[in-house]
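Worksheet: the structure to be examined is printed underneath.
Read-outs throughout are calculated quantities, based only on the coordinates presented, and are distinct from any laboratory measurement. Just so you know, these numbers come straight off a predicted model, no measurement behind them. Cβ atoms come from the backbone with ideal geometry, glycine included; neighbour counts cover every protein chain shown.
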Amino acid sequence: MKRIVFAVCVVGLVFGAAILARTQTASVEQELITLENGWADAVVKKDVAFLDRILADDCLVTDPEGNVSTKAQEIASVKSEVYLVTSCVHHEMKVRVYGNAAVVTGRSTLNETYKGKDYSIQAQWTDTWVKLNGRWQCVAEHSSMIAPK
């Protein structure tokens, strides 16, 4: 009888832990999607304080032409009047969580102005996030242009 009770308790703990892990993962996924959407909004609104919070100090960003920039360079670019993003909408975001690290992939539709010329582009991107000091920060971003059909 004691063995049956013990076995039932073990099975209950295993299922409870699995449900808790799934709930926590779903919560992290939603948090990262919220951060990604906030990033898009911050670029449009030139909210450099938001970008400063979510980009790790050693973050590296690789643009579609293969240029690599630092956090400071990214923030300077957003501050600049040479490059203006008028809208940025994310699509098809997928989040994969690996403990204190996560990879988010997605597509974006952007309307922007560079040196006075208007562009409408689509991009595919991958962001790598790490939980540092209790909060999620992006440590790497890579984006590629999607050719118009």
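A 24 angstrom limit on the alpha carbon distance is what I want to check against. Which of Lys46/Lys115; Lys94/Lys117; Lys71/Lys131; Lys71/Lys115 exceed it? Over 24 Å Cα-Cα: Lys94/Lys117. Residues whose amide H lies under 5 Å from that of Ile146, counting only those 5 or more places away or on a different chain, are Gln122, Ala123, Gln124; hydrogens are built 1.01 Å from N in the peptide plane. Sorting 107-117, 136-146 by average packing, meaning the other beta carbons within 10 Å per residue, from highest down gives 136-146, 107-117. A simple rule links phi to the HN-Hα coupling: the Karplus curve 6.51 cos²θ - 1.76 cosθ + 1.60 with θ = phi - 60°, which for region 140-149 gives 7, 9, 9, 10, 10, 6, 9, 5, x, 8 Hz, with x for Gly and Pro. Extent of region 53-126 along its three principal axes (Cα atoms, max minus min coordinate, largest first): 44, 27, 23 Å. Taken along the Cα-to-beta-carbon direction at a fixed 7 Å, the label points for Ala76 and Arg53 span 2.5 nm.
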